[in-house]
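In what follows, a structure is listed as C-alpha cells, so that the remarks can point back to it.
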There are 2 protein chains.
Amino acid sequence: MALPSAVRIVEVGPRDGLQNESAMVPTAAKIELVDRLSATGLRTVEATSFVSPKWVPQLADAAEVFAGITRRPGVAYPVLVPNLQGYERARAVGADEVAVFTAASEAFNRRNTNAGIDESLERFAPVLERARADGVQVRGYVSTVLGCPYQGEVPLADVARVARALHAMGCYEVSLGDTIGVGTPAKARDMLRAVASEVPMPALAIHFHDTYGQALANVLACLEEGVAVVDAAVSGTGGCPYARGASGNLATEDLVYMLHGLGVATGVDLDALVDTGAWLSGILGRATGSRVTRARASA
Amino acid sequence: MALPSAVRIVEVGPRDGLQNESAMVPTAAKIELVDRLSATGLRTVEATSFVSPKWVPQLADAAEVFAGITRRPGVAYPVLVPNLQGYERARAVGADEVAVFTAASEAFNRRNTNAGIDESLERFAPVLERARADGVQVRGYVSTVLGCPYQGEVPLADVARVARALHAMGCYEVSLGDTIGVGTPAKARDMLRAVASEVPMPALAIHFHDTYGQALANVLACLEEGVAVVDAAVSGTGGCPYARGASGNLATEDLVYMLHGLGVATGVDLDALVDTGAWLSGILGRATGSRVTRARASA
C-alpha cells in the first residue's frame, strides 16, 4: 500500500455542506464554523459561495460571512463563484482564492446551471483572466465524475476533457466530485487514472459523497494512485439536492481518523474537529453524519 | 487492485446484529428475517445464538427461531454456541453448523466470558470433538483483533496465536473481528497478513464494525490481500455493548454495493437485501445503519 506521506484536506463544510442543509444557519454561526475549522489545523477552508441567493438561499449572507471570519495566516479560504459578477462580489470583501465549477455530465450541467459545459467554461474564462491579473488562485470543481442522475454513465473521456480544460485555463487544482455518491473504489481509481493522464496528479483533488457509504473506500483506492488532496465536510453535512436520497459529503472526522490510522499526516487536531462537528450538529438540529463524532459523543 | 472474483458473505444480522439491539424482536420476525435473508442469495446466514439467555436476552428464543426457519438447500445456518451444553441445545433442534468464539485480548475475554483465552479454548475442545463425530461444521470467531476497550493494543502475535489454535482444533473457518471498530486499512491488512502466516487464507474471514466509519475501507484493504469471506449484518444492526459509542456491524447492503461495483460476485440480490434491511429497520423502530438502504428508501 503505497500512500502519500501527507494529505491536504480541503474542508468544504461551510460551503458544500451548508448549502444543502435545510436548517437556516445564522451568519454568526457560519463565521464561528469557519473560525473553529481553521483552528483545527486545516489549511484550506472553503468559506462560502457567491452563487446567487436565488439558487442557494442558505448562503445569501456570503459577504457578511467572509467579512466576519478571522483569517489565520497559512490558511486558504476559497469561495465559490459562478461568474465574473460573483467573482467581483467575492473580491469586494477581500477573497483571494476562488473556485469555479462545472459538471462532466452535459445533462447535469444544463439542469444545474442552465448552461452547457462549454458555455460554463466560456463563462469562467474572464474569471480566470481577471484572477490571474489580480494574483487570485482559482480552484476548479468537476462534478458528476462517476455518474449522473439524468444521463447515468459519464464517460471517463468527458471527465478528463473538462478537468484538462479547467487546468489549462489556469486552475491550480481540479477537484473531481462524485456528486451523487454512486462510485465504488475501482471505478474511482479508473476515473482518477484517466484524468491523471491529462492533468498532473499534484493538481488533482478527490471529492466523494457518502450516499452509498463508499466514500472512504474510494479515497483509499485513490490514495494508492497517488492523489494527496481530499475534500471533506465536517460532520458529513450536505448532500446534493439533485441526487435522490443523497446523504452528505464524506465526513472530515472519518477521513482524518483513517488517514492518521494509515500514518498519513494531515496537520489536523482530530479532537478539535470532533468538537466542531458535534457543535455543528447542534446548530443544525440533526444527528451528525460522522461516525467518529457519533462514537465519541456517546463515549 | 487484485481482488478475488467472488466473495462469500456471512450474514450475521440475526445473531451479532440482533443480540445488541435494545428493541425486543418477536420470534416470528426473527424467523422471517432469516428466511428473507436466505432468499436474497446469501449462502451463509448465522441464525441465532445458544448462549445463555442470562447474557443475551434478545436471543432467548433461539430454539424456537431455529426450529421455525425454512431451510433452503445450499444455505448454511450456523448458530453460536458457548460450550457443550449450548452445542447440545443447538443440535436438539437440528443445527448442523455451529460457531465458537474467543477474544484475542485476554482482558476482553475475561470480562466478556468470565474466562481466560486458554480456558475458552479448552471449553471448546469437547465441542469440536463432538462436532467432528457428528459431522457438524464449526466456525471460529476471534474478537478484538484490532484493539480492546480494556487493554488497548492487542499484539498481532496474540491474534495469530488464537486464530491458529481455533483452526488447529478443527474450525473450518476463522473470522477475525474488529469488535470495537477502531481499525484502519493498513492495520487491518497487517493483522490479516500476520494471521495468514499461521492459517491458510481460504480459511479466514474478516468481520468489521463500522463504529468509526472504517469498515468498508478495511474490507477493501483485506480483499487486496486475498481474503474472500466477509461477515456483515443487514441494515448495519448491532454493535458491541462493551464498546463505547459503538455503532453496528458493517451493513451487508453497503458491502454488496461495493463488491458489485468492483466486479466481485456475491450471488446476492441487492434489491431484495435492501427491502429486507428497510423492513428490519421498521421492526426495530430505528433508522437503518445502511447508507445504501437509506438512499434507496428516500429515492
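Quick note: the coordinates plus some simple rules give every number you see, no bench work behind them. A quick note: this is a predicted structure, and the numbers were derived from the prediction, not measured. Please note: Cβ atoms are built from the backbone with ideal geometry, for glycine as well, and neighbour counts cover all protein chains shown.
The calculated pair-distance distribution of chain A uses every alpha carbon pair, bins of 10 angstrom beginning at 0, and gives 7, 31, 39, 21, 2, 0 percent.
With the simple spin-label model, which puts each label point 7 Å out from Cα in the Cβ direction, the B:Ala265 to B:Tyr150 separation comes to 4.5 nm.
The amide H of A:Leu204, built 1.01 Å from its N in the peptide plane, has A:Val174 as neighbours under 5 Å, considering only residues 5 or more places off or on other chains.
DSSP bridge analysis restricted to the protein assembly as shown gives an antiparallel fraction near 5%, rounded to the nearest 5. Could you work out how far the C-alpha centroid of the stretch A:264-294 sits from that of the stretch A:1-68, in angstrom? After rounding, the separation between the Cα centres reads 14 Å. Beyond 16 Å, the tail of the calculated P(r) for the stretch A:54-105 holds 43 percent of the Cα pairs.
If we count other beta carbons within 10 Å of each Cβ, what is the order of B:His207, B:His260, fewest first?
Ranking B:His207, B:His260 by Cβ neighbours within 10 Å, fewest first, gives B:His260, B:His207.
Taking a point 7 Å out from the Cα of B:Thr70 in the direction of its Cβ, the residues of the stretch B:26-56 whose backbone N falls within less than 16 Å of it are B:28-42. Within the set of other residues whose C-beta is less than 15 Å from the C-beta of B:Glu122, count the net charge using Lys and Arg as +1 and Asp and Glu as -1. That works out to 0.
Taken about its Cα centre, chain B carries a charge dipole of about 200 debye when Lys and Arg each add +1 at the Cβ and Asp and Glu each add -1 at the Cβ. Considering only A:Lys187, A:Lys30, A:Lys54, the mean-square fluctuation computed in a Gaussian network model of chain A, springs between alpha carbons under 10 angstrom, is largest for A:Lys54.
Sum up the charges of everything whose Cβ sits under 12 Å from the Cβ of B:Gly261, counting Lys and Arg as +1 and Asp and Glu as -1, but leave B:Gly261 out.
Values: positive: A:Lys187, A:Arg189; negative: A:Asp178, A:Asp190, B:Asp254.
Result for the local shell: -1.
For chain B, give me the percentage of DSSP beta bridges that are antiparallel, rounded to the nearest 5 percent. If you can, show how the numbers build up before the last one.
Working: 2 of 33 bridges.
Bridges in chain B that DSSP calls antiparallel: roughly 5 percent.
Taking other residues whose beta carbon is less than 12 angstrom from the beta carbon of B:Leu216, and scoring Lys, Arg as +1 and Asp, Glu as -1, yields -3.
So, in nm, how far is label A:Ala157 from label A:Asp190 when the simple model puts each one 7 Å beyond its Cα toward the Cβ? Going by the 7 Å Cα→Cβ label model, 1.5 nm. Applying the Karplus relation 6.51 cos²θ - 1.76 cosθ + 1.60 with θ = phi - 60° to the stretch A:183-192 yields 3J(HN,Hα) values of x, 10, x, 5, 5, 4, 5, 5, 5, 4 Hz, where x marks Gly and Pro. Karplus-based coupling profile of the stretch B:264-270, in residue order and whole Hz: 9, 6, 10, x, 9, 8, 4, with θ = phi - 60° in 6.51 cos²θ - 1.76 cosθ + 1.60 and x standing for Gly or Pro. Here is the size of the protein assembly as shown from its Cα atoms: Rg then Dmax, 25.0, 83 Å. For the stretch B:223-234, putting each phi into the Karplus relation 6.51 cos²θ - 1.76 cosθ + 1.60 with θ = phi - 60° gives couplings of 4, 5, 8, x, 5, 9, 10, 10, 7, 7, 10, 4 Hz, in residue order, rounded to whole numbers and with x for Gly and Pro.
Think of the stretch B:8-298 as having a plus end and a minus end, set by charges on the Cβ of Lys, Arg, Asp and Glu; of B:Leu262, B:Leu284, B:Pro82, B:Leu284 sits farthest toward the positive end of this dipole. Chain B residue nearest the axis that carries B onto A, by Cβ, with distance in whole Å, is B:Ala217, 2. Given a cut-off of under 8 Å on Cα pairs at least six residues apart, what relative contact order in percent is computed for the stretch B:88-215? Relative contact order of the stretch B:88-215: 24 percent. Here the sum of -39500 (n - 2.57) over DSSP H runs of 4 or more residues, divided by the residues of chain B, equals -12500 deg cm²/dmol at 222 nm, to the nearest 500. Site pair B:Gln85 and B:Arg130 shows an inter-label distance of 1.1 nm when each label is modelled 7 Å from Cα along Cα→Cβ. Amide H contacts of A:Phe101: A:Tyr141, each under 5 Å away and 5 or more positions distant or on a separate chain (H built 1.01 Å from N in the peptide plane; Pro and chain starts excluded).
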